[in-house]
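First up is the structure itself, then whatever we jot down about it.
The values are calculated or read from the model by the stated rules, or taken from the named source; none is laboratory data. Remember, predicted model here, so these are calculated numbers, not experimental data. Every residue, glycine among them, receives a Cβ derived from its backbone with ideal geometry; neighbour counts consider all protein chains shown.
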Amino acid sequence: MAEQDAVAWNEVEVASLVAKTAALKASMGRVIIGQENVVELLITCLLAGGHALVEGVPGLGKTLLVKSLAQATDMQFRRVQFTPDLMPSDIVGTEILEEDAATRQRSFRFQPGPVFTQVLLADEINRAPPKTQSALLEAMQERSVTFAGTTHALPRPFFVLATQNPIEQSGTYPLPEAQLDRFLLRIDVVYPTEDEEVMMVAATTRSSLQDAEAAMDVATLLRLQQLVRDIEIGDHLVRYATRLVRATRPQETTVAAVKKHVGWGAGPRAGQALVLASKARAVMQGRLAVTRDDIGAMLLPVLAHRVVRNFEAEADGVAMADILQALRSEIKVD
């Protein structure tokens, strides 16, 4: 295959890695009823090496979703319930004073916090104060924690999924746009269909619940993340992705829907996220080259939390999906 030759990957290894992604999706599908699009976006984000913001009302299985992903990839999993009294040291760790039993000498030792894991669920991140949110987001960006002048590297891979409950406004601290930008994708968990909900209720009220089976190991996951970085994307598609991002900025766009309904557009990091997510989607579908459809499919999850609608959009009931659809219709590939 020409695409495989271009990236110098062994055809047999590539086929094996792609099969692993299908097995991972199937393993999670045996536990997560419905929500196929959510599962696919979650795996896409993982392969792209980013972090995900998962939003949905309580009771839709967001915690089970993340726990199942950790089980299916055989990664260490920790969950932190964000509360208004949570401090940064509760997340990243702190130093404790120890005394040597033989010499009686005292010294400080760094005690790692729950962020030192491979899969971290930051549950209801918008309930914690900004200082604690910033501590986590800094660790997400730098992939390390610096305490008392010493830098401690986080495990690889390091994947954060933060949840928000949109109906809880009282006592919350919404993430600023600059911090939301650290998340590669925003994934909306929607209500299940009636049949899916019946199956969900039946499955979760039995004496034992099925866990997701390990479908890949950490070494395979890291190799997949490298494959995503290496696959082909044409220069014209990089320019197309960049144009889409730039067209979300009201001050420089020609798209009428954006000028009318957007208060603030996405920055350059959105273009990087769009290209990476599109590459990961291509790998998920067994392709080693990105297409225009990949970029279009990832547009909403990449930009939904990076583009701010204005008051007029909210008053008119114009959704972000509507704005981005109008943008796609007007921005063309060279």
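Results for (1) of a type in the set (G, A, S); (2) in the same structural domain as S278 (by TED's automatic domain parsing); (3) at positive phi; (4) crowded, with 20+ Cβ neighbours inside 10 Å, shown as yes or no for each residue.
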site	(1), (2), (3), (4)
A135	yes, no, no, yes
F147	no, no, no, no
H152	no, no, no, no
P155	no, no, no, no
F159	no, no, no, yes
D181	no, no, no, no
L185	no, no, no, yes
V190	no, no, no, no
Can you give me the number of residues within the range 87-110 that are over 25 Å from L137 (Cβ atoms) and either within 29 Å of the chain's Cα centre (by Cα) or acidic (D, E) (or both)? 3
So which residues in the range 191-245 are in contact with a helix residue (DSSP H, G or I) (Cβ under 6 Å, 6 or more places away or on another chain) and among the hydroxyl-bearing types (S, T, Y), if there are any at all? T220, T242
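Given G93, G113, which one is touching an Asp or Glu at 6+ places or on another chain (Cβ under 9 Å), closer than 13 Å to H152 by Cβ and crowded, with 18+ Cβ neighbours inside 10 Å?
Details: G93 fails: touching an Asp or Glu at 6+ places or on another chain (Cβ under 9 Å).
After applying the criteria, what remains is G113.
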Just checking: which of the helices (runs of 4 or more DSSP H) contained wholly in the range 7-83 hold 1 or more residues that are free of Cβ contacts under 8 Å to residues at least 24 places away in the same chain and over 19 Å from the mean Cα position of the chain (by Cα)? 11-29
Test T254 against the stated conditions and say whether it is more than 19 Å from L53 (Cα to Cα), touching a Gly at 6+ places or on another chain (Cβ under 8 Å) and touching a residue at least 24 places away in the same chain (Cβ under 8 Å). no
Answer yes if at least one residue in the range 201-222 is in a helix (DSSP H, G or I), charged (D, E, K, R) and out of contact with any strand residue (DSSP E or B) (no Cβ under 6 Å at 6 or more places or on another chain), and no otherwise. no
Number of positions in the range 28-49 that are surrounded by 22 or more Cβ atoms within 10 Å (Cβ to Cβ) and of a type outside the set (A, V, I, L, M, F, W, C): 2
Could you go through the range 131-149 and let me know if any residue there is outside any loop (DSSP other than H, G, I, E, B) and of a type in the set (F, W, Y). yes
